[in-house]
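Quick notes on the structure that follows.
The values are calculated or read from the model by the stated rules, or taken from the named source; none is laboratory data. All values reported here derive from a predicted model rather than from experimental measurement. For neighbour counting, all protein chains shown are included, and Cβ atoms are generated from backbone atoms with ideal geometry for every residue, glycine included. Ligands, DNA and RNA are excluded from the accessible area calculation, which covers all protein heavy atoms including side chains. Shrake-Rupley method; radii C 1.70, N 1.55, O 1.52, S 1.80 Å.
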Amino acid sequence: MAYDKQKAQQIWQVVTTIPEGKVASYGQIADLAGLPGRARLTGKVLGYAPSALKLPWYRVLKSNGQLAFPAGSPMAEKQKGHLQEEGVVVLKNRVRLKDFGWIPELAELLSLKF
DNA sequence: GTATTGACAGACG
DNA sequence: GCGTCTGCCAATA
């Protein structure tokens, strides 16, 4: 394909690293995946991600903590459901990053083999 | 090879 | 907190 499959898998790896009850932004994922400034690529790659990977894409939000999908959309509702199921409070298609924002720890970074 | 689009981010008001 | 504009970069047409 036209995109680097290695990077894509790296992104998926990072997303998988997000702990339960926490959320991360696309930019954050892209940065940890070694793709600084390529937040949009993260979104595309997540779109390619097969459901077989059990990828917690619903833990990935915009930089301001808002869901990437419009409120009322099937995907948004599903995402909201999953988050609430894990203890993350979602109001008005938005999450309190102050409380649920994921702060990458050293252990997390090490698991990415940097 | 050029133009348009996008599961975004940051700055402004 | 919210809408708008600009910047970035890759995928698609």
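Out of region A:88-106, which residues are open to solvent by less than 100 Å² (accessible area, probe 1.4 Å) and in a loop (DSSP other than H, G, I, E, B)?
Passing the criteria: A:Val88, A:Val89, A:Asn93, A:Trp102, A:Pro104.
Please enumerate the residues belonging to region A:95-114 that are among the basic types (Lys, Arg) and at pLDDT 90 or above.
A:Arg96, A:Lys98
Within region A:13-40, how many residues turn out to be part of a helix (DSSP H, G or I), more than 23 Å from A:Gly87 (Cβ to Cβ) and either open to solvent by 60 Å² or more (accessible area, probe 1.4 Å) or of a type outside the set (Gly, Ala, Ser) (or both)?
3
Are any of the residues in region A:65-83 within 13 Å of the chain's Cα centre (by Cα) and among the polar types (S, T, N, Q)?
Looking through region A:65-83, at least one residue is within 13 Å of the chain's Cα centre (by Cα) and among the polar types (S, T, N, Q).
Residue pairs, Cβ under 7 Å, 6 or more apart or interchain, first in region A:28-57 and farther than 15 Å from A:Gln6 by Cβ and among the aromatic types (Phe, Trp, Tyr), second within 8 Å of DNA strand C (Cβ to nearest atom) and open to solvent by 80 Å² or more (accessible area, probe 1.4 Å). List them.
Qualifying pairs under 7 Å: none.
Note down all Cβ pairs under 6 Å where the first residue falls in region A:80-93 and is of a type outside the set (Ser, Thr, Tyr) and within 16 Å of DNA strand B (Cβ to nearest atom), the second is open to solvent by 50 Å² or more (accessible area, probe 1.4 Å) and in a helix (DSSP H, G or I), and they're at least six residues apart or on different chains.
Every condition considered, the pairs that remain are A:Val90/A:Lys80; A:Val90/A:Gln84.
What is the one condition in (1) in a loop (DSSP other than H, G, I, E, B); (2) within 16 Å of A:Val15 (Cβ to Cβ); (3) within 12 Å of DNA strand C (Cβ to nearest atom) that A:Gly47 does not satisfy?
A:Gly47 satisfies all of (1) in a loop (DSSP other than H, G, I, E, B); (2) within 16 Å of A:Val15 (Cβ to Cβ); (3) within 12 Å of DNA strand C (Cβ to nearest atom) except (1).
Counting just the residues of region A:58-68 that are open to solvent by 70 Å² or more (accessible area, probe 1.4 Å) and not hydroxyl-bearing (Ser, Thr, Tyr), which one comes out nearest to DNA strand B (Cβ to nearest atom)?
Selected residue: A:Lys62.
Name every residue in region A:1-12 that is surrounded by 12 or more Cβ atoms within 10 Å (Cβ to Cβ) and part of a helix (DSSP H, G or I), in order of residue number.
A:Lys7, A:Ala8, A:Gln9, A:Gln10, A:Ile11, A:Trp12
If the requirement is being more than 7 Å from DNA strand B (Cβ to nearest atom), of a type in the set (A, V, I, L, M), more than 12 Å from A:Gly101 (Cα to Cα) and under 13 Å from the mean Cα position of the chain (by Cα), which of these qualifies: A:Leu41, A:Leu46, A:Leu55, A:Leu35?
Answer to the check: A:Leu55.
Take region A:84-111 and flag every residue that is aliphatic (A, V, I, L, M) and touching a helix residue (DSSP H, G or I) at 6+ places or on another chain (Cβ under 6 Å).
Those that are aliphatic (A, V, I, L, M) and touching a helix residue (DSSP H, G or I) at 6+ places or on another chain (Cβ under 6 Å): A:Val88, A:Val90.
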